[in-house]
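The next block holds one structure in the form of structure tokens; read it before the comments.
Readers should treat all values here as calculations from the given coordinates under stated rules, not as data from a laboratory. As the structure is a prediction and not an experimental result, all values here were calculated from the model. In this analysis, Cβ positions are derived from the backbone assuming ideal geometry, glycine residues included, and neighbour counts consider all displayed protein chains.
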Amino acid sequence: MKNKFLSLMMLVAFYSCNQTAKQTDINQSDSIAKLQKENDSLENVISKNVLKPDSTLNKVDDTFKKVKGGVHPVTLQWIGWDKPGSVKVEPIEGDWYSIKGGQENTSGQYLKIEGKIKRITEKELLFDGKIITKVTGINSGEPCLKNGEQTFFAKGDRKYFRLQNMTNCEGGTVDYVDIYIGTSSL
């Protein structure tokens, strides 16, 4: 009797674990498909030049070391790439520029950036300040603060710089904070 009960319990545990593994596979597949759709949407927006900064405000410096101020698009993928927010960049001291702005939607979700930024290399920006994101369903809907020095990087031939500290305060979620300054306009 004891063996039958033990066998039955093992069968129930096996079935339960198998169902959990199947649900995890489904959730991972859904997440991958959602990220691919968002990536395709971003590429589509970029290709249509919807996120093209005001070119009169972004003259290229011969040394590629200085930021030329202006207003630039900024996005957080959870809010969307199709309606970017904006950041204002203005010279303050040396190679540093102030940067302030963000993106928000009608649901109360937002991205806020405030601090200073400078170009380190053609593909890398150093930011010092605070970045706050608030998204329904992530971090229990509470704001996530990233304070202090952060790095933005433009991978490959991308025309935007992505925050490299991508992990949301929640721990398991990735945020794509992108500044569309353009790799040749700093």
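Can you tell me which of (1) outside any strand (DSSP E or B); (2) surrounded by fewer than 22 Cβ atoms within 10 Å (Cβ to Cβ); (3) not β-branched (V, I, T) is the one W81 doesn't meet?
Just one mismatch for W81, condition (2).
Please state which one of T133, T151 is in a strand (DSSP E or B), among the hydroxyl-bearing types (S, T, Y) and crowded, with 18+ Cβ neighbours inside 10 Å.
The match here is T133.
Within segment 100-116, count every residue that is assigned to a strand (DSSP E or B) and without any contact (Cβ under 8 Å) to a residue 60 or more places away in the chain.
Residues that pass the stated criteria total 10.
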